[in-house]
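Mind looking over this structure? Questions follow.
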């Protein structure tokens with residue numbers, strides 16, 4: 001950029017990649033102290049499939065398995081499973097619930113988030129449903145069917161009208177705003193009952209919690225995001241959050257001197273003011289990241305994160321996360337897939353560039369670690385991955 005002021009720092013991709021690995025607890029010298037600390041550093045762990053979140057967290061700790069993540073979630077309650085960025089299910093740190101609920105409840109509607117379902121209810125009905133959800137769950141863990149009955153008792157039969165498109169039929173009307181209820185702090189997931197999910201009130205995780213005011217919560221979320229994944233643009237933040245781009249641009253502008261402009265890969269981007277240091281050494285490490293791991297979803301530019309053939313093989317229509325990836329020195333170097341049979345995990349890794357002997361040894365160790373986390377025995381094969389995205 002020829003008109004770039006001389007005082008704007010130019011950050012090298014290798015340095016940015018190395019610091020993102022450190023801050024995401026993926027560098028060999030990671031310092032995360034437990035599951036909640038990991039998830040806080042990641043700005044949430046995608047948990048539409050809980051085992052993927054368990055693997056995301058476990059890979060960043062030397063001695064944690066999925067049992068440790070579940071203990072943090074269901075026993076210690078230092079984690080909470082709820083609706084997070086992009087209207088999708090995430091694990092979030094319980095201590096950060098005030099920020100998350102305050103920020104997510106302040107988001108404007110967008111074609112990219114899950115709020116389109118609110119057109120199935122009037123504004124008055126939305127408020128009635130949220131109040132009914134909060135009251136029904138204040139001292140209980142209920143399945144979806146049980147919660148539907150409780151909501152109908154408090155609102156009316158209209159709340160159960162089967163009008164929301166679902167995977168195999170229609171869901172009751174109230175479920176169209178389930179994510180909004182979660183964002184408002186009225187609902188989160190409880191422990192699974194058999195094969196059925198349950199829901200409860202997050203006040204049971206963090207008694208007395210109150211969502212932060214929208215502006216303060218959004219400022220805190222931008223800061224957390226930029227610390228983990230910066231330098232980034234408002235457009236990157238909007239994509240990560242599934243929010244309107246213009247709104248994100250205005251939000252960044254409103255933060256003024258709290259943010260600082262830098263240059264990365266010839267483009268301007270932003271970091272938290274003063275946060276321009278990068279490690280001296282290059283990015284290092286080999287890791288098998290699961291579906292929708294926070295590192296690949298949050299980091300940009302995609303062309304550098306997914307260099308060369310990786311962009312064609314490991315992205316799905318430009319979207320990151322649909323394939324589990326082999327990450328080598330901070331960049332995508334392959335895809336992988338696992339198939340479970342009892343205690344046996346069959347892991348297939350497809351290299352984009354053949355691994356050296358040293359890297360192959362690291363891959364063997366990483367596959368064994370995946371088995372430890374998921375409490376299984378692994379069998380590793382190097383071959384083409386034949387399943388499609390999100391399989």
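Given R₀ = 45 Å, FRET efficiency for residue 268-residue 216 by Cβ-Cβ distance, to 0.05?
Calculated transfer efficiency: 0.95.
Can you give me the Kirkwood hydrodynamic radius for segment 286-382, using every pair of distinct Cα atoms, in Å to one decimal?
Hydrodynamic radius (Kirkwood, Cα only) of segment 286-382 equals 13.6 Å.
Let me check against my output: what whole-number percent is the relative contact order of segment 286-382, with C-alpha pairs under 8 Å and at least 6 apart?
Once normalised by length, the contact order is 26 percent.
Further question: Helix 123-137 versus the longest principal axis of the chain: what is the Cα-based angle in degrees, 0 to 90, to the nearest 10?
90 degrees
How high is the relative contact order of segment 5-116? Use alpha-carbon pairs under 8 Å, at least six apart in sequence, and give a whole percent.
Rounded, it is 21 percent for segment 5-116.
What is the extension gain from residue 31 to residue 152, computed as 0.36 nm multiplied by their sequence separation minus the C-alpha to C-alpha distance, in nm to one decimal?
Taking residue 31 through residue 152 to full extension adds about 38.8 nm, to one decimal.
Let me ask you something else. Treat each spin label as a single point 7 Å out from the Cα along the C-beta direction, and report the residue 209 to residue 254 distance in nm.
2.3 nm
Consider just the alpha-carbon atoms of the chain and return their Rg together with their Dmax, both in angstrom.
For the chain, the Cα radius of gyration and maximum Cα-Cα distance read 21.4, 66 Å.
Continuing with this model, one more query. Quick check: the angle from helix 357-373's long axis to the longest principal axis of the chain, C-alpha only, nearest 10 degrees?
The two axes meet at around 20 degrees.
By how many nm would the segment from residue 119 to residue 163 grow when fully extended, if each residue of separation counts as 0.36 nm and the alpha-carbon distance is taken off?
14.7 nm
Can you sort 171, 100 so the residue with the fewest Cβ neighbours within 10 Å comes first?
171, 100
Still on this structure, I have one more. Can you show me the helix-derived [θ] at 222 nm for the chain, built from DSSP H runs with n ≥ 4 at -39,500 (n - 2.57) apiece and divided by the number of residues, rounded to the nearest 500.
So the helix-based figure for the chain works out to -10000 deg cm²/dmol.
Neighbouring Cβ atoms within 10 Å as the yardstick, rank 91, 326 fewest first.
Taking fewest neighbouring Cβ atoms as first place, the list is 326, 91.
Arranged by the count of other C-beta atoms within 10 angstrom, fewest first, what order do 167, 189 take?
The fewest-first ordering by Cβ neighbours comes to 167, 189.
Treating the angle as unsigned and between 0 and 90°, give the value, to the nearest 10°, between the Cα long axis of helix 245-254 and the longest Cα principal axis of the chain.
80 degrees
For the pair residue 67/residue 7, report the inter-label distance in nm, with labels modelled 7 Å from Cα in the Cβ direction.
The modelled label-to-label distance comes out at 5.7 nm.
With the crude spin-label approximation of a point 7 Å out along Cα→Cβ, what separation in nm comes out for residue 341 versus residue 360?
It works out to 2.4 nm between the two label points.
Could you calculate the FRET efficiency of residue 312 with residue 372 from 1/(1 + (r/R0)^6), where r is the beta carbon distance between them and R0 is 35 Å, rounded to 0.05?
Using R0 = 35 Å, I get an efficiency of 0.60.
Readers should treat all values here as calculations from the given coordinates under stated rules, not as data from a laboratory. Note that this is a predicted model, so its numbers are computed, not measured. Here Cβ is always computed from backbone atoms with ideal geometry, including for glycine, and neighbour counts include all displayed protein chains.
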